[in-house]
Amino acid sequence: MEYSPILHNLHVVPSSHVKNKLFVFCIMLSLWVYMIYCCVGYCSTVPNLTYRSVNRHENDSEIDNQDSSVGASRDLLNNENDLDSRGDEWDEIRGEAKALDDNAMSGFLNESESKKLPQAIIIGVKKGGTRALLEFLRLHPDIRAVGAEPHFFDRNYDKGLEWYRELMPKSSEGQLTMEKTPSYYVTKEVPARIYTMSKDTKLIVVVRDPVTRAISDYTQTRSKKPDIPSFESLTFKNISAGLIDTTWSAVQIGMYAKHLERWLQYFPTEQLLFVSGERLISDPAGEMARVQDFLGLRRVVTEKHFHFNPAKGFPALRDLRGTASRTAWGKPKAGPILILTQRWSRG
């Protein structure tokens, strides 16, 4: 067969043309795969870094499943098991493939819990029933309260408000931060200092029959210092004449009207609530209704939370299942002072 240049060209040219097209196609395919890979990596990485740092989820399928759950927590900083209820915003971020901007992050932080200065304070009085009231209030879901007494406005004021704020528990929007320090009510400098912090602070004073309160105060001191003088010798300047020694601190605390004058120089009467220590024992639910109304809260703490313990003579708190759990008062003091307290309270 003779060599034909025409046939040679027919075979060579098409083969070279196909190779060129195949080469260009491979390059374009590689570029498309690389671009898709980059886009997918960018879309998945940016939102998931933030998402996982808060919720510790391993993949998007778990996130999507839990986004549909009802009542998801808004507390992203302190509850790793719950998701941000703003699931739509996270979906939007994934769809648009861009990171959170400063405004979105600012809104995110504002919705999480933070430490706030107290909006309400139990300011007194010692041995009046302040511990019981605080424990009752802590049953309310809209209350966040410090367990220990900070003594900021009477003993630690020089440490500053930021030090004070750090003592507070974290609370979310709509929750009320509280503390109790019974010595505030009788300390001269405290009204002005609280007013400087916030003139809108709500103040609660738990009062009790002054004689009963003084005996309880004395009993507590005597349990620590058994060698102190008798109650009668401290109370009276002249026992035969019935002249009371008003310089003794146990008596001074019970002079409620005298201390109230200082508070009324800074706060109107509608910002002060006087709670009866006796009624906290005899009718805790009724007294708690007054307190919750004063604080602008729903009446959540009701009769179902209390169980009267006849052996101790005090109401006990119930848990969520309605089982009697504990009393909000300490153990009663034994001895003649307790007997004297019972006699005077009946009289």
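Check 273, 297 and return the single one that is in a strand (DSSP E or B), among the aliphatic types (A, V, I, L, M), surrounded by 15 or more Cβ atoms within 10 Å (Cβ to Cβ) and touching a residue at least 12 places away in the same chain (Cβ under 8 Å).
273
I'd like the full set of residues that are within 31 Å of the chain's Cα centre (by Cα) and among the β-branched types (Val, Ile, Thr), limited to the stretch 240-264.
Answer for the stretch 240-264, where residues must be within 31 Å of the chain's Cα centre (by Cα) and among the β-branched types (Val, Ile, Thr): just 253.
From the residues in the stretch 165-189 that are crowded, with 20+ Cβ neighbours inside 10 Å and not hydrophobic (A, V, I, L, M, F, W, C), which one is farthest from residue 248 (Cα to Cα)?
Here the residue is 171.
Could you check, for the stretch 215-224, whether at least one of its residues is crowded, with 17+ Cβ neighbours inside 10 Å, among the charged types (D, E, K, R) and more than 24 Å from residue 118 (Cα to Cα)?
yes
Of all residues in the stretch 258-298, which are farther than 18 Å from residue 134 by Cβ and of a type in the set (Lys, Arg)?
Within the stretch 258-298, 258, 262, 298 meet the criteria.
Which one of these does residue 290 not meet: (1) under 39 Å from the mean Cα position of the chain (by Cα); (2) not in a helix (DSSP H, G or I)?
(2)
For the stretch 160-192, enumerate the residues that are under 22 Å from the mean Cα position of the chain (by Cα) and of a type in the set (D, E, K, R).
Correct list: 162, 165, 166, 170, 173, 179, 180.
Report yes if residue 177 is of a type in the set (Ser, Thr, Tyr) and in contact (Cβ under 8 Å) with a residue 40 or more places away in the chain, otherwise no.
So residue 177 passes the test.
Do any helices (runs of 4 or more DSSP H) entirely within the stretch 206-258 hold 3 or more residues that are farther than 29 Å from residue 137 by Cα and touching a residue at least 12 places away in the same chain (Cβ under 8 Å), and if so, which?
The helices (runs of 4 or more DSSP H) meeting that bar are 231-235.
Test each condition in (1) over 35 Å from the mean Cα position of the chain (by Cα); (2) surrounded by fewer than 16 Cβ atoms within 10 Å (Cβ to Cβ); (3) charged (D, E, K, R) for residue 200 and report the one that comes out false.
(1)
If residue 304 satisfies all but one of (1) modelled with pLDDT of 75 or more; (2) closer than 26 Å to residue 183 by Cα; (3) surrounded by fewer than 16 Cβ atoms within 10 Å (Cβ to Cβ), what's the number of the condition it fails?
Among (1) modelled with pLDDT of 75 or more; (2) closer than 26 Å to residue 183 by Cα; (3) surrounded by fewer than 16 Cβ atoms within 10 Å (Cβ to Cβ), residue 304 violates only (2).
Do we find that residue 116 is farther than 22 Å from residue 296 by Cα and either in contact with a strand residue (DSSP E or B) (Cβ under 8 Å, 6 or more places away or on another chain) or not aromatic (Phe, Trp, Tyr) (or both) in this structure?
Against the criterion (farther than 22 Å from residue 296 by Cα and either in contact with a strand residue (DSSP E or B) (Cβ under 8 Å, 6 or more places away or on another chain) or not aromatic (Phe, Trp, Tyr) (or both)), residue 116 does not qualify.
Select, from 213, 222, the only residue that is farther than 30 Å from residue 120 by Cα, in contact with a helix residue (DSSP H, G or I) (Cβ under 8 Å, 6 or more places away or on another chain) and assigned by TED's automatic domain parsing to the domain that holds residue 121.
Residue meeting the stated conditions: 222.
The values are calculated or read from the model by the stated rules, or taken from the named source; none is laboratory data. Predicted model only: the values in this text are computed from it and were never measured. For neighbour counting, all protein chains shown are included, and Cβ atoms are generated from backbone atoms with ideal geometry for every residue, glycine included.
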